[in-house]
Amino acid sequence: MKSNKNNIIQALSRRSLLAGTALCGLGLALKPALTLAAQASVQTSLVRDNIHLISGAGCNVVVAVGSDSVLIVDGGHEDYSAAVLAEIDRLGQGKPVTALFNTNWRPEHCGLNEHFGSLGTRIIAHENTRLWQNNDFYVSWEDRHYRPMAPTAQANSTFYKQDSLTFAGSSVDYGFISQFHTDGDIYVYFRASNVLVLGDMLTVNAYPLLDYVSGGWIGGAQKTTAELLQMTDAQTLLVPAVGAIQQRPALEVQQQMLDLAYEKVADAYRTGRSLDQFMSTSPMSEYDSIYGDASLFVQLLYRGTWYHVPGRAIPGII
């Protein structure tokens with residue numbers, strides 16, 4: 001088991017050095033093409049079948065094109081909305097957008113909400129995401145104050161656990177597993193194409209952000225990743241919020257990393273270590289070659305776990 005883990009880690013470390021080519025070794029390289037829209041940083045790639053990826057807009061935007069309509073997952077940041085809308089129009093050849101998903105409440109996922117919401121387009125999200133979009137709150141680790149989005153820009157079609165819709169004659173499943181980055185992270189699964197959009201529930205070349213202010217924490221991240229692994233096979237293409245398309249090994253390593261993170265933070269609480277003392281041990285150094293600087297992750301890991309200690313999230317300390 002340890003040998004297999006090391007092999008996967010080495011493979012992902014090599015891959016992290018090849019920006020934008022995560023699938024080349026698997027013979028599944030994407031086909032990038034510079035958009036002609038206003039923002040030169042926005043690029044479009046074919047994922048599989050009728051599903052396209054627009055990158056460089058603050059987060060990955062997934063565009064599925066059917067015979068008579070278009071489906072979008074996430075919208076990028078509002079600053080890039082003109083470029084993203086132009087590219088969606090090019091891909092869809094003017095077809096109407098039937099639905100827009102928000103995989104969480106963060107602004108980089110909701111940049112198209114105002115445009116499509118004002119048109120009456122269905123904006124689908126977890127109910128907790130809508131509540132955050134309608135809230136006035138301060139995120140301490142960012143030192144940033146968020147104010148409510150305009151009513152027309154908020155999600156207008158919400159759910160709690162799982163749901164599905166039919167698009168281009170096939171089922172698109174979407175659901176919530178547990179708290180990860182926030183308490184409203186959702187996946188969107190294009191079942192016929194075996195493409196799973198994960199938003200911030202999968203990270204590339206960076207540790208995940210467990211935003212404890214809006215409900216993220218290590219226990220939920222572990223549970224979510226474990227269940228996502230059950231949904232995937234060797235052919236599943238995974239779309240993260242930022243970065244290149246991934247496959248199942250990325251989730252496997254993420255699960256191992258999160259399990260280690262839980263063990264480390266649980267031990268820190270059991271032994272009464274402060275955050276500074278915990279950070280001084282460099283608890284995630286084993287994974288820095290894959291995910292980079294762990295400083296913010298370790299802070300969020302420690303602070304977020306504290307809110308779950310009364311619920312006996314860590315056996316043996318209360």
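The values are calculated or read from the model by the stated rules, or taken from the named source; none is laboratory data. This is a predicted model, so every value here is computed, not measured. Counting neighbours? That spans all protein chains shown, and the Cβs are built from the backbone with ideal geometry, glycine included.
A few points about this structure:
- Here residue 274 clears all of (1) in contact with a strand residue (DSSP E or B) (Cβ under 8 Å, 6 or more places away or on another chain); (2) more than 23 Å from residue 189 (Cβ to Cβ) except the condition numbered (1).
- Sub-6 Å Cβ pairs linking a first residue in the stretch 205-223 that is free of Cβ contacts under 8 Å to residues at least 12 places away in the same chain to a second residue that is surrounded by fewer than 24 Cβ atoms within 10 Å (Cβ to Cβ) and assigned to a loop (DSSP other than H, G, I, E, B), at least 6 apart or interchain, number zero.
- Scope the stretch 254-283; condition surrounded by 14 or more Cβ atoms within 10 Å (Cβ to Cβ) and either over 21 Å from the mean Cα position of the chain (by Cα) or without any contact (Cβ under 8 Å) to a residue 12 or more places away in the chain (or both); matching residues: 264, 265, 266, 267, 268, 269, 273, 275, 278, 279, 283
- The listed residue being surrounded by fewer than 17 Cβ atoms within 10 Å (Cβ to Cβ) and in contact with a Ser or Thr (Cβ under 8 Å, 6 or more places away or on another chain), out of 178, 157, 171, 214: 171
- Checking each residue in the stretch 216-249 for being under 13 Å from the mean Cα position of the chain (by Cα) and over 21 Å from residue 176 (Cβ atoms) picks out 243, 244, 245.
- Residue list for the stretch 99-131, filter: of a type outside the set (Val, Ile, Thr), under 16 Å from the mean Cα position of the chain (by Cα) and not in a strand (DSSP E or B): 102, 104, 105, 106, 107, 108, 109, 110, 111, 128
- Members of the stretch 237-246 found to be surrounded by 19 or more Cβ atoms within 10 Å (Cβ to Cβ) and either free of Cβ contacts under 8 Å to residues at least 24 places away in the same chain or not small (Gly, Ala, Ser) (or both), listed by number: 237, 238, 239, 240, 245, 246
- Residue under evaluation residue 302, criteria (1) in contact with a helix residue (DSSP H, G or I) (Cβ under 7 Å, 6 or more places away or on another chain); (2) surrounded by fewer than 21 Cβ atoms within 10 Å (Cβ to Cβ); (3) within 22 Å of residue 140 (Cα to Cα); (4) not aliphatic (A, V, I, L, M), criterion not met: (2)
- Qualifying residue in the stretch 132-140 (condition: part of a helix (DSSP H, G or I) and of a type outside the set (A, V, I, L, M, F, W, C)): yes
- Remark: residue 171 matches the filter, which requires a residue to be at pLDDT 95 or above, among the small types (Gly, Ala, Ser), more than 26 Å from residue 290 (Cα to Cα) and in contact with a Lys or Arg (Cβ under 6 Å, 6 or more places away or on another chain).
- Tally of residues being under 23 Å from residue 294 (Cβ atoms), aliphatic (A, V, I, L, M) and in a loop (DSSP other than H, G, I, E, B) across the stretch 181-208: 4
Quick grid of which residues meet (1) within 16 Å of residue 102 (Cβ to Cβ); (2) at pLDDT 95 or above; (3) crowded, with 23+ Cβ neighbours inside 10 Å:
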{"site": "40", "(1), (2), (3)": "no, no, no"}
{"site": "43", "(1), (2), (3)": "no, yes, no"}
{"site": "68", "(1), (2), (3)": "no, yes, no"}
{"site": "73", "(1), (2), (3)": "yes, yes, yes"}
{"site": "77", "(1), (2), (3)": "yes, yes, no"}
{"site": "80", "(1), (2), (3)": "yes, yes, yes"}
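- Residue within the stretch 127-147 that is in contact with a Phe, Trp or Tyr (Cβ under 9 Å, 6 or more places away or on another chain), closer than 19 Å to residue 61 by Cβ and β-branched (Val, Ile, Thr) present: yes
- Meets criteria (farther than 12 Å from residue 198 by Cα and in contact with a Gly (Cβ under 8 Å, 6 or more places away or on another chain)) for residue 258: no
- Looking at 265, 242, 253, just one residue is under 30 Å from residue 280 (Cβ atoms) and in a loop (DSSP other than H, G, I, E, B), and that residue is 242.
- Matching residues in the stretch 212-234 - criterion: being under 20 Å from residue 297 (Cβ atoms) and in a loop (DSSP other than H, G, I, E, B): 216, 217
- Residue 96 meets the conditions (1) modelled with pLDDT under 95; (2) surrounded by fewer than 15 Cβ atoms within 10 Å (Cβ to Cβ) in every case but one. The failed one is (1).
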